[in-house]
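Structure first, commentary second.
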Amino acid sequence: MKHLIVLVLVFTMGSAVSAQTTDSLEAKIARLLELSGAEAQFLTAVDNMILMQRQQVDASTVSPAFWDEFSKEIHEEGWQLILPDLTAVYRNNLTEAEIDHQIAYLSDPLSQQIVAKQSTLMQQSMAAGQQWGMKMGARVAQRLQEALEKD
């Protein structure tokens with residue numbers, strides 16, 4: 001009977017330590033996401049996606065109020081909806097030591113200055129990519145036209 005009690009205690013303590021470690025890791029991941037500016041970057045990406053969708057949909061069929069309301073909804077709850085999935089991605093791909101290192105790095109004031117610029121960098125990079133894509137599309141169209149003219 002003593003052995004059974006000891007075994008149950010060891011198992012229970014192991015489970016408690018494991019849960020505590022998981023909670024600690026979850027808290028570290030949350031801190032890392034906070035320091036990295038992930039939420040602001042997420043919202044910038046959402047805004048860009050909404051803008052692209054808005055440009056592709058006929059304005060006469062969808063009112064600006066629809067887009068404004070949808071954007072507001074995503075801004076209010078989108079981050080909380082994706083956070084569990086992002087946490088799982090970080091937990092599955094980074095060790096606790098790597099997370100600790102990133103937290104230490106991102107806690108530096110200079111790192112935070114860079115993080116503060118990430119949304120602007122993302123917006124401008126996406127605009128540059130869109131411009132590049134349009135140029136490449138025109139280039140492909142021109143080459144296809146030339147190829148058709150040869151045949």
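Every number in this text was worked out from the coordinates using simple rules, so none of it is lab data. No experiment lies behind these values; they were computed from the predicted model shown. Cβ sites come from the backbone with ideal geometry, for glycine too, and all protein chains shown count toward neighbours.
So which DSSP H runs in the chain come out at 18 Å plus along the axis (Cα) with average Kyte-Doolittle of at least 0.5?
2-36
A Förster radius of 35 Å, combined with the Cβ-Cβ distance separating residue 88 from residue 63, puts the computed FRET efficiency at roughly 0.45.
Modelled this way, with points 7 Å down the Cα-to-C-beta line, the labels at residue 45 and residue 145 are 3.6 nm from one another.
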